[in-house]
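**Student:** One structure, pasted below without further comment.
Computed from the coordinates by the stated procedures, all read-outs in this text should not be read as laboratory data. Keep in mind it's a predicted model, so treat the numbers as computed, not measured. Note: ideal-geometry Cβ built from the backbone for every residue, glycine included; neighbour counts use all protein chains shown.
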Amino acid sequence: MTFMKMDPRVLTLCVFLYLLTPVKCRYDDISPTRLTLIQTSQSTDLNGVISGNCPDVTYPIDYALIWFEGATRYYRATGDKNLLSDLFPAAQKCMDYFLSASCYGSKGFEPHG
């Protein structure tokens, strides 16, 4: 897929993930995006929250939600069903945690990521 045919939202995501990915790439090469999705899905906390792809392993809830958006946009851009199958167990565990009672406190949604 070349960058000229790419949805602008996907291009924005690729640039964002490129900045987080310590791999040289061209704008028409979205393989680093795929690699980032895989690496972050393999780096979860005990609850299944997907980590941010940054030098320090952190688990901000925002990063996990951005990961879901990134996986969705990557799939829409590439149609890569094999990657979705590989990511599904991590996605399911993370979402199960977000939907569990342990994520809700007296003020509503209060996950511990």
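**Student:** Which ordering of L87, L65 is given by a fewest-first count of other beta-carbon atoms within 10 Å?
**Tutor:** The order, fewest Cβ neighbours first, is L65, L87.
**Student:** In sequence order, what are the phi-derived ³J(HN,Hα) couplings for the stretch 93-102 according to the Karplus relation 6.51 cos²θ - 1.76 cosθ + 1.60 with θ = phi - 60°, rounded to whole Hz, with x for glycine and proline?
**Tutor:** Coupling constants for the stretch 93-102: 5, 5, 5, 4, 5, 4, 8, 7, 5, 5 Hz.
**Student:** To continue, here is another question. By the scheme Lys and Arg +1, Asp and Glu -1, what is the net charge of all other residues having a beta-carbon under 13 Å from that of A90?
**Tutor:** Once positives and negatives cancel, what remains is -2.
**Student:** Further question on the same structure: Applying 1/(1 + (r/R0)^6) with R0 = 30 Å to the Cβ-Cβ distance of D29 and K93, what FRET efficiency is obtained, to the nearest 0.05?
**Tutor:** According to the calculation, E is roughly 0.50.
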